[in-house]
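Only one structure is covered here, and it is reproduced in the block below.
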Amino acid sequence: MSVQPTQAQDSAANPLDIVEQIVAANEWAFDRRSDSEMAAEAPGKWCDYGLYFSWSHEISAMHFTCAFDLKVPARRRSALYELLALANERLWIGHFGMDSDDGMPVFRHSVLLRGAPGASSESIEDMVDIAITECERFYPAFQFVLWGGKAPGEAMQAAMLECAGEA
């Protein structure tokens, strides 16, 4: 059985318009490259994160990446891939991967909006907040593997220690 969508159901509003408002409200640098692409830079505790948003009107989906300002030496890539798999086991939303072009770890997430009137500002804010929070949470583990020479399991265990109180 096939249902013929109405014009309003057929296409979601462009969520990059909402992304642009959120990024501007946070006073982050951004570049709206086209109706389907936008890049921004968000500050974090450990580094600045490169945010990239891509909207596909044809499939009513927005793809989002949050890239670390962190280059991975070729000799450490296999260890980092193992660490990415361990980190992904702890995520509910999105996943970590490696950008094959420049060797940076990235957090990725996509949102399907077919049949929806559009994305809400709350859902986009949550998506960006979750990405930055997860990048901040796992950044020490990436550093332990890349520059500390630790094994991925050891780095994950050290990075996931919950500290209580203040020093």
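Here are the numbers:
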| read-out | value |
| --- | --- |
| Sole exception among (1) of a type outside the set (S, T, N, Q); (2) modelled with pLDDT under 85; (3) part of a loop (DSSP other than H, G, I, E, B); (4) more than 16 Å from the chain's Cα centre (by Cα) for ALA158, by number | (3) |
| ASP31 vs. criteria charged (D, E, K, R), at pLDDT below 95 and out of contact with any Gly (no Cβ under 7 Å at 6 or more places or on another chain) | no |
| Unmet requirement for GLU89, which otherwise passes all of (1) exposed (fewer than 14 other Cβ atoms within 10 Å of the Cβ); (2) more than 18 Å from ALA159 (Cα to Cα) | (2) |
| Counted residues, region 91-117 - those being aromatic (Phe, Trp, Tyr) and either out of contact with any Asp or Glu (no Cβ under 8 Å at 6 or more places or on another chain) or more than 26 Å from ASN14 (Cβ to Cβ) (or both) | 2 |
| Per-region count, region 105-125, residues free of Cβ contacts under 8 Å to residues at least 60 places away in the same chain and within 12 Å of ILE18 (Cβ to Cβ) | 2 |
| Any pair with Cβ under 6 angstrom, 6 or more apart, that starts in region 54-74 at a residue that is under 23 Å from ARG32 (Cβ atoms) and ends at one that is of a type in the set (Phe, Trp, Tyr) and surrounded by 12 or more Cβ atoms within 10 Å (Cβ to Cβ) | MET62/TRP55; PHE64/PHE53; THR65/TYR52; CYS66/TYR49; CYS66/PHE107 |
| Matching option when the condition is modelled with pLDDT under 95, part of a loop (DSSP other than H, G, I, E, B) and within 12 Å of the chain's Cα centre (by Cα), among ILE93, ILE124 | ILE93 |
| LEU83 vs. criteria out of contact with any strand residue (DSSP E or B) (no Cβ under 6 Å at 6 or more places or on another chain) and in a loop (DSSP other than H, G, I, E, B) | no |
| Answer residue from region 37-57, given it is touching a strand residue (DSSP E or B) at 6+ places or on another chain (Cβ under 8 Å) and within 16 Å of GLY118 (Cα to Cα) and is surrounded by the fewest Cβ atoms within 10 Å (Cβ to Cβ) among those | SER56 |
| The listed residue being over 25 Å from PRO140 (Cβ atoms), hydroxyl-bearing (Ser, Thr, Tyr) and either touching a Pro at 6+ places or on another chain (Cβ under 6 Å) or surrounded by 15 or more Cβ atoms within 10 Å (Cβ to Cβ) (or both), out of SER60, SER34 | SER60 |
| Residue ID - modelled with the highest pLDDT, chosen from residues in region 146-155 that are hydrophobic (A, V, I, L, M, F, W, C) and not in a helix (DSSP H, G or I) | ALA151 |
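So that you can scan it fast, the table gives a plain yes or no per residue for (1) in a loop (DSSP other than H, G, I, E, B); (2) of a type in the set (Phe, Trp, Tyr); (3) farther than 22 Å from LYS45 by Cα:
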| residue | (1), (2), (3) |
| --- | --- |
| VAL111 | no, no, yes |
| ALA116 | yes, no, yes |
| ILE130 | no, no, no |
| GLN143 | no, no, no |
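The values are calculated or read from the model by the stated rules, or taken from the named source; none is laboratory data. The structure displayed is predicted, hence computed values, not measured ones. Note that each Cβ is placed from the backbone with ideal geometry, even for glycine, and that neighbours are counted across all protein chains shown.
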